[in-house]
Amino acid sequence: MEQYHGTTILGVKKDGRTVIAGDGQVSLGNTVIKPNAKKVRRLGDGSVIGGFAGATADAFTLFERLEKKLESHRGQLLRAAVELAKDWRTDKYLRNLEAMMIVADKETLLILTGNGDVLEPEGGIAAIGSGGNYALAAARALSEYEQDPEVLARRAMAIAAEVCVFTNNQLTVETIEG
C-alpha cells in the first residue's frame, strides 16, 4: 500500500536566527495529492519550530508526542528530543512510524529519526525528505554568500523545487530569533 509522502524540509541556523522551511507538496506515488500542505509549524508555547517529512499521519503523531515531551521537560528541546527518540526507537507502535523531523529552538537545531538519532547538523544546515539532498547542497553552496538565513532557505528551497519532482515552491517558513 502506498503512503502519502514526499517533501523537502530545510533548517538553517545562522547569525542568531534559525529558519525551518518546508514545501507544500504531498504525493501518493507519482501523483500530487495536495500542493499546499503545511509541514512546518510552531510547537508547544511557540518557542520551538519543527518540520516533518514522511507519512503525514505518522508525523502528526510524532509532533504530538514531542509537544508532550516539551511540556514534561519544561520546554528543554534537547532533553525532550532525546526522550522522544528513546520512545520512538523502543515503543512497538512508534517504531513503525515512517517520518523524520527537523526541530529547533533559539539555541539548537536537530534532526530526529526513527532509528533513535538526535543529530545536530554540521554547519547549522539540515535537510530531510525526498528533496532534502538538493536543498542541503544548495544551502551549503549559498551559505558563505548569503547572511540572512531566511533568504538562504528560500533560495535553496527554490533550487530543490526546480530539480526534485516531489518538491514544490509553495513554502511554509517559521523563524526563531536567538
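The values are calculated or read from the model by the stated rules, or taken from the named source; none is laboratory data. All figures in this text were calculated on a predicted structure; none of them were measured in a lab. Backbone-built Cβ (ideal geometry, glycine too); neighbour counts: all protein chains shown.
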Flag if Glu146 is closer than 21 Å to Arg42 by Cβ and either surrounded by fewer than 22 Cβ atoms within 10 Å (Cβ to Cβ) or modelled with pLDDT under 95 (or both): no
Residue within region 90-99 that is closer than 24 Å to Gln170 by Cα and among the hydroxyl-bearing types (Ser, Thr, Tyr) present: no
Checking Arg79 against (1) in contact with a Lys or Arg (Cβ under 6 Å, 6 or more places away or on another chain); (2) of a type outside the set (Ser, Thr, Tyr); (3) free of Cβ contacts under 8 Å to residues at least 40 places away in the same chain; (4) on the phi < 0 side of the Ramachandran plot, the condition it does not meet: (1)
Of residues in region 114-130 being out of contact with any helix residue (DSSP H, G or I) (no Cβ under 8 Å at 6 or more places or on another chain) and assigned to a loop (DSSP other than H, G, I, E, B), the one nearest to Thr61 (Cα to Cα): Ser130
Residues that are over 28 Å from Thr31 (Cβ atoms) and surrounded by fewer than 17 Cβ atoms within 10 Å (Cβ to Cβ), drawn from region 156-177: Thr175, Glu177
One residue from Glu107, Glu71 being closer than 30 Å to Glu144 by Cβ, touching a residue at least 24 places away in the same chain (Cβ under 8 Å) and of a type in the set (D, E, K, R): Glu107
Strands (runs of 3 or more DSSP E) completely within region 18-110 that count 3 or more residues being modelled with pLDDT under 85 and surrounded by 14 or more Cβ atoms within 10 Å (Cβ to Cβ): none
Any hit, region 86-93, residues being touching a strand residue (DSSP E or B) at 6+ places or on another chain (Cβ under 8 Å) and on the phi < 0 side of the Ramachandran plot: yes
Members of region 131-178 found to be in a helix (DSSP H, G or I), closer than 24 Å to Leu77 by Cβ and aliphatic (A, V, I, L, M), listed by number: Ala135, Leu136, Ala139, Leu152, Ala153, Ala156, Met157
